[in-house]
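I have placed the structure first, in the form of structure tokens, so that the comments after it can refer back to it.
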Amino acid sequence: MSGISAKAESTLSNKYKYNGKEEQKQEFSDGSGLEWLDYGARMYDNQIGRFFTQDRFSEKYNPMTPYQYAGNNPILFVDIKGDSIGVGNLSAEQTKAMEQFAKTKQGKNFLAQYAKKSQTVFGVTFDKQGKYDKQGINVNYASGTGTTGSNTESKENTQGGIDINISLAKEGFGFSDKTLNLVKSITHESFIHADMDTKDWLDDKKLNNSNLSEWTKKNLPDGSLYSYLKKHGQHYEISRTFFLNQNNTTALWPSQALQVLKTVSANLGVKVTDNQIKSSMWNFTGSLIVVDPQTGKVSWK
């Protein structure tokens, strides 16, 4: 078997090993080497499990040493280039959906607001610091426990901002294609909840639903608790905002979200009409909008 193995004569040794990074080995004239892995942004010493230069984004991870690998949690995270952490617990399908979302014009523009300069997020590298990152606002995507339902929880962080944590459903719902279902979930959580939590925080540096209208607060179901307001108040608000101005083409939801799903469905080869997409987009708990999947007629519940 040696003739077809890596040990065969006249073959080059495989230098791309852990995480597909190039091993710096035997680079000196005497045959010795540093035994480091080239992560692109910096070198990783796998003998001690540390980088030997500081993370250029270290201020983003204040509680951690700037020399740590993968947030000191290599089971959950992967260090992409030695300067950014990717969420490692997303399924292959969720990762594919995130990459599809990030490749669209609207998805990229959304993520750019939260990105560090030169940071790579799901295959897209951003050339400047986002306006929300400057405010200490971070968006994190992880795999949730629900099969069809996703959710977003935000909390204050040590950077003087907030962490917006989006837990993605395992499958999503609404279309025949699983990836498209997950992109719809990502778009919903990002364009509605992450965006509204960001604006809620920025107006008075508190997460207190201050950007919800009095109409929304007054028209929630009788006897609803704060938890219902927190979970579905934004659904009421986005429904009313859309119904009052259905021709707003600049709104993240639903106008920009529709473009995301149209682009991704075309990329995936999924045959679905605009009206079917619109109908599925508004099918969620707390929605006050119904769209006929055949005619596209918009009705108020």
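Listing for the model above:
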item	result
Yes/no for N275 being farther than 19 Å from F173 by Cβ and in contact with a Ser or Thr (Cβ under 9 Å, 6 or more places away or on another chain)	no
Strands (runs of 3 or more DSSP E) contained entirely in segment 111-175, each with at least 2 residues that are acidic (D, E)	151-156
Positions within segment 139-167 being in contact with a Gly (Cβ under 7 Å, 6 or more places away or on another chain), touching a residue at least 24 places away in the same chain (Cβ under 8 Å) and surrounded by 14 or more Cβ atoms within 10 Å (Cβ to Cβ), in sequence order	S150, N151, Q159, G161, S167
In segment 263-287, residue farthest from Q246 (Cα to Cα) [restricted to those that are of a type in the set (V, I, T) and touching a Phe, Trp or Tyr at 6+ places or on another chain (Cβ under 8 Å)]	V270
Residues (within 19 Å of T249 (Cβ to Cβ) and without any contact (Cβ under 8 Å) to a residue 24 or more places away in the chain) located in segment 280-296	V291, G296
Selected residue (criterion: farthest from Q135 (Cα to Cα)) from residues of segment 180-197 that are crowded, with 21+ Cβ neighbours inside 10 Å and among the β-branched types (V, I, T)	V183
Check on E27, out of contact with any helix residue (DSSP H, G or I) (no Cβ under 7 Å at 6 or more places or on another chain), modelled with pLDDT of 65 or more and surrounded by 13 or more Cβ atoms within 10 Å (Cβ to Cβ)	no
Breaking point among (1) at pLDDT below 95; (2) crowded, with 19+ Cβ neighbours inside 10 Å; (3) under 18 Å from T104 (Cα atoms), for A251	(2)
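The values are calculated or read from the model by the stated rules, or taken from the named source; none is laboratory data. Since the structure is predicted, the reported quantities are computational estimates derived from the model, not experimental observations. So basically every Cβ, Gly included, is an ideal-geometry build from the backbone, and we count neighbours across all protein chains shown.
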